[in-house]
Amino acid sequence: MRPSDFPEEDAAAVAAHERAQFARSALENLFDVSPDAIFVTDTEGVIRGANPRAAELFGHTQADLYGQPIENLVPERFRRQHPGHRENYNAHPRARQMGAAMNLFGLRKDGTEFPVDIMLKPMESLSGPIVLSFVRDVTEQRSALEALRHNDQQLRTIVESVRDYAIYLLDRDGCVMTWNPGAQGIKGYTAEEIQGLHFSRFFTQEDVERGRPAELMRLAAARGRVEEEGWRVRKDGSRFWADTILTVIRDSTGEISGYAKVTRDFTDRKRAEEAVMLQLSSALLANMDVRKLLGAISASLREVVPHDYATLALYDRATQTMIVEFLNAGESESRSGDVRIEMHGSVAEEVFRTHEPVILDQIQGSHFSQESMRHFTELGMQSGCCVPLIHRGEAIGTLSVTSQTPAFFAQREAEMLTQIAGQVAMAVSNAMVFRQIADLRDRLSQEKQYLQEEINVENRFEDIVGESAGLRRVLKEIETVAPTDATVLIQGETGTGKELLARAIHRLSPRNERTFIKLNCAAIPAGLLESELFGHEKGAFTGAIARKMGRLELAHEGTLFLDEVGEMPLDLQPKLLRALQEREFERLGGTRAISVNVRLIAATNRDLAQMVAEKQFRSDLFYRLKVFPIFSPPLRERTSDIPVLVRHFVSSHSRRMGKSIETIPSETMAALVRWPWPGNIRELENFLERAVILTRGSVLYVPLAELETSVANEESALAESPTLQTAEREHILRVLREAKGQIGGDDGAAARLGLKRTTLNSKLKKLGIERSDYM
């Protein structure tokens, strides 16, 4: 084949041909597998093609269908009109979709008829115009529609008979579709006036402007139904208080097809509630005392539910009893003080448990405990009504009204009392909260001094003094972990400043504006440590004359520092672990769970891993504490910091004692640097404080004779306890790994630890650290 002069055009033509072939193949496959019957007819209505589904649906073979007039597939009663319809269609060919509201039927070969939907599509072919007819069997859809119409008629009959409720349907856009007589009576519109209009016209202008109608439709779609109370507008513009329920309606595919709306006029009830709540609000603002508030409640209730006595019973969870307060509505003083009744067998128990009201036609002789009724019968009460007080979904007590007349209360009074009980519960709950706030204010005043003692530390803890590489390494770790909420375990010898490091972590954390609470587990007797940590309720043990907050509760939103955590008794450790994991605890002698959010920092000079192995410390608590371990280096590994610390302590103590010490002899400083300081920074500070006391002039006098300089004593001072060797070994291994095994150099492990290279090599040999341990 001769090469083309236009290769690009040839390639495009080939591609177009391939696309046409693909499209033709796809159409042929669709024709064969379509679930709808497909016919190809010419302008005379003669069948020129039919797919397998067409032969199956009409009971013919495909060969039998070819050449037949399409009218043969139409019931005889429609055939006379069919040619006219075809001529009109040929004159104005157009696509016609299915579901065109035409009552169409097909005729099978056996003479049976079935309902169909038909879609027509005109097309051009090489032999002239043709029409594609897509035929769908809708027998099941028509049967379901007929059943739906029947059910709809039954429902319509029921709805039309309801006069006290407005019941109507909305389409998916919120326009009114149906309208019952109850809706006309409540809202004032006739069915002809309102159908097709949007239901937002029933809302106040304020609700319309803030999009409340659309919001209710959205909530109903999300939840299935939504119920609310609010002001609505009648046709004449007047307002009424409505209780409404909006329910979404979905079709078989799950799509929203409309909404059902039910409305009831509660205007009378609303006005009665408003009158009662106005008086309750005034009483609430005037006095926060529960007993005095009860008098106002009783007087307000009297206007809507006549009674002789109103009784308020509040549940006391600690004793599982009801504390009863009641007031004669005709008097100004309380009838009783603190009356308690047992829950078991009382009417209050049933109301409290079921959240349902109880009406007593006869108090005397009822099936409830007569002992629990004694405070009523002594006043001559013969009948009563009791409803639950529910605040934020939880029953807090009961509200009762009683009368000296038998069978005085009916269902209407119970309903009215139930409606306003929620508001009464809120008022009483607020009064109780105010009383709790007053109690809390007194308690905080008592705890103020304790908190100040805990958080007010000496100035020396405000800054960390030192410049050695080992200290800088620790400070870098603190800077890394402080912004997080991770638990930190500070390990190191006594006197190395573990508390100072803990305070630095707190100061650099997001909790720095909250309290830093310290608890030294070694300084408090084991029997009192639980009370100090978790607090206790009044009467929890002998000597517990008042409720006390524990350190864990005081540290809420702040930091709790457990010093000497290795001294915590084994039986207390699981309780601490649970409090850390669950973030809640109970005071000693209490039953209420108290939620806390604390950041924990622990410190120890003991080898907790060894204690775990010896079963002296719980492993689960150890791993919970050891989230981020920090090793506080001893002073003998920070010799370069000793001159800085000496000058700092001398300046601090001399200023406090009113002395002016200007010079520290060089030989004195050298001796101080040489001494191993087995007591670490604490020993150094105490020694210098004594030196400042002994100094008479401007030159620091140090009793050097007190420093043991013999090699034997030095070795004794340097002797490390086995409990610290493991912690130091882990610390050195971690630094070696971070230095990638490099010992010397500016970025080596020795420089990071603040040690000489030879000193570090000696320690590696002494601690049995091999290169394979860290590489």
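Counting only other residues whose beta carbon sits under 14 Å from that of ILE661, what net charge do I get with K and R as +1, D and E as -1? With Lys, Arg at +1 and Asp, Glu at -1, the neighbours total +4. Most tightly packed first, judged by the mean number of other beta-carbon atoms within 10 Å of their residues, the peptides 548-554, 582-588 read 548-554, 582-588. These residues, ASP485, ASP265, go from largest to smallest accessible area, 1.4 Å probe, as ASP485, ASP265. Packing, as the average of other Cβ atoms within 10 Å across residues, places the peptides 645-658, 668-681 in the order 668-681, 645-658, highest first.
Taking all protein chains as they are arranged and a probe of 1.4 Å, the heavy atoms of CYS175 leave approximately 30 Å² accessible to solvent. Of the residues ALA609, LEU588, PRO574, the one whose Cα sits farthest towards the positive end of the charge dipole of region 573-612 is LEU588 (charges of +1 on Lys and Arg Cβ, -1 on Asp and Glu Cβ, taken about the Cα centre). Accessible area per residue was computed with a 1.4 Å probe on protein heavy atoms; GLU209 scores about 140 Å². Computed from backbone phi, the HN-Hα couplings of region 306-312 come to x, 6, 9, 9, 10, 10, 10 Hz, rounded to whole numbers (Karplus: 6.51 cos²θ - 1.76 cosθ + 1.60, θ = phi - 60°; Gly and Pro given as x).
Stretched out fully, how many nm does the piece from SER660 to MET123 gain, at 0.36 nm a residue minus the Cα gap?
Details: separation 537, 0.36 × 537 = 193.32 nm, distance 11.19 nm.
Fully extending the segment from SER660 to MET123 adds 182.1 nm.
Amide H contacts for GLY535 (H built 1.01 Å from N in the peptide plane; partners 5 or more residues away or on another chain; cut-off under 5 Å): GLY550, ARG551, LEU588.
Taking 18 Å as the straight-line reach from the Cα of LYS270, the lysines in range (excluding those fewer than 8 positions away in the same chain) are LYS187. Near the amide H of VAL116, within less than 5 Å, lie the amide hydrogens of LEU104, PHE105, GLY106, VAL138, all on another chain or at least 5 residues away, with H placed in the peptide plane. Per-residue Karplus couplings for region 623-633, computed as 6.51 cos²θ - 1.76 cosθ + 1.60 with θ equal to phi - 60°, are listed in order as 6, 5, 7, 8, 6, 9, x, 10, 9, 8, x Hz, Gly and Pro entered as x. For region 635-696, the residue among GLY658, LEU645, MET669 whose Cα projects farthest onto the positive side of the dipole built from Cβ charges is GLY658.
Which order do GLU557, GLU56, GLU564 take when ranked by solvent-accessible area (1.4 Å probe, heavy atoms of all protein chains), largest first? Show your work: numbers first, answer last.
Working: GLU557 70, GLU56 130, GLU564 35 Å².
Correct descending sequence by accessible area is GLU56, GLU557, GLU564.
Taking all protein chains together and rolling a 1.4 Å probe, LEU145 ends up with roughly 70 Å² accessible. For GLU584, the residues whose modelled amide H falls within less than 5 Å of its own, excluding neighbours fewer than 5 places apart on the same chain, are VAL596. Our coupling estimate for region 521-528, obtained by passing each phi through the Karplus curve with A = 6.51, B = -1.76, C = 1.60 and θ = phi - 60°, is 5, 8, 8, 10, x, 4, x, 9 Hz, Gly and Pro reported as x. Computed on protein heavy atoms with a 1.4 Å probe, the accessible areas place ILE390, ILE130, ILE693 in the order ILE693, ILE390, ILE130, largest first.
The values are calculated or read from the model by the stated rules, or taken from the named source; none is laboratory data. The structure displayed is predicted, hence computed values, not measured ones. Every residue, glycine among them, receives a Cβ derived from its backbone with ideal geometry; neighbour counts consider all protein chains shown. The accessibility values were calculated without ligands, DNA or RNA, using every heavy atom of the protein model including side chains. Shrake-Rupley method; radii C 1.70, N 1.55, O 1.52, S 1.80 Å.
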